[in-house]
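**Q** Quick one: this structure, given as structure tokens, is what I'll be asking you about.
The values are calculated or read from the model by the stated rules, or taken from the named source; none is laboratory data. Bear in mind that the values here come from a model prediction, so they are computed numbers and not experimental data. Every residue, glycine as well, gets a Cβ built from its backbone with ideal geometry; the counts of neighbours run over all protein chains shown.
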Amino acid sequence: MDKNITFRRMQHSAEMEAYANKQLEKVVKFLEKERPPIYIDLVLEPSKVHACHVVTLKVKTPHFDLISTYEGNKFYDVLDRVIDVMHADLLKKKEELNDKMKKEGRRESAKCWWEGQEGVPPKHLDPVEEAEKEEGFEFDED
């Protein structure tokens, strides 16, 4: 898992990094069972002119590619909000992915258990019908 915290236009703060790592544990714990590569990028960008700080969180995995950005007055509140939104988005996307996998598993065309062929599984004939088919004999009942 590759986790980066970038401080843009501000000095590195050990306290801010520790707080961000603590908050990111929710996302990291959620992604523990995800197959690698996993990239988490957190960009902290304060504003000196306006009281509008920007925090961006990007998560990139084989199943997820999400970006969450939020602006606000209080830096710690903005950071909490971005991470909470990202966690909710990950839960939603995982549920959608599971629903999609379940739905495709129910379709007959997705069930290719016979010799790698696609489509509807072959119809199994009873022994009498198989013998008649092999002989080319058709029996009509009147």
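**Q** List pairs: first in segment 1-15 and more than 25 Å from Phe30 (Cα to Cα), second in a loop (DSSP other than H, G, I, E, B), Cβ under 8 Å, 6+ apart or cross-chain?
**A** Arg9/Pro46; Arg9/Lys48; Met10/Pro46
**Q** When both residues are 6+ apart or on different chains and their Cβ atoms are under 6 Å apart, which pairs have a first residue that lies in segment 35-60 and is closer than 25 Å to Asp2 by Cα and aromatic (Phe, Trp, Tyr), and a second that is surrounded by 14 or more Cβ atoms within 10 Å (Cβ to Cβ) and modelled with pLDDT of 90 or more?
**A** Cβ pairs passing all conditions: Tyr39/Lys60.
**Q** What number of residues within segment 75-102 satisfy the criterion of being in contact with a helix residue (DSSP H, G or I) (Cβ under 9 Å, 6 or more places away or on another chain), over 21 Å from Lys60 (Cβ atoms) and not hydroxyl-bearing (Ser, Thr, Tyr)?
**A** Residues in segment 75-102 being in contact with a helix residue (DSSP H, G or I) (Cβ under 9 Å, 6 or more places away or on another chain), over 21 Å from Lys60 (Cβ atoms) and not hydroxyl-bearing (Ser, Thr, Tyr): 2 in total.
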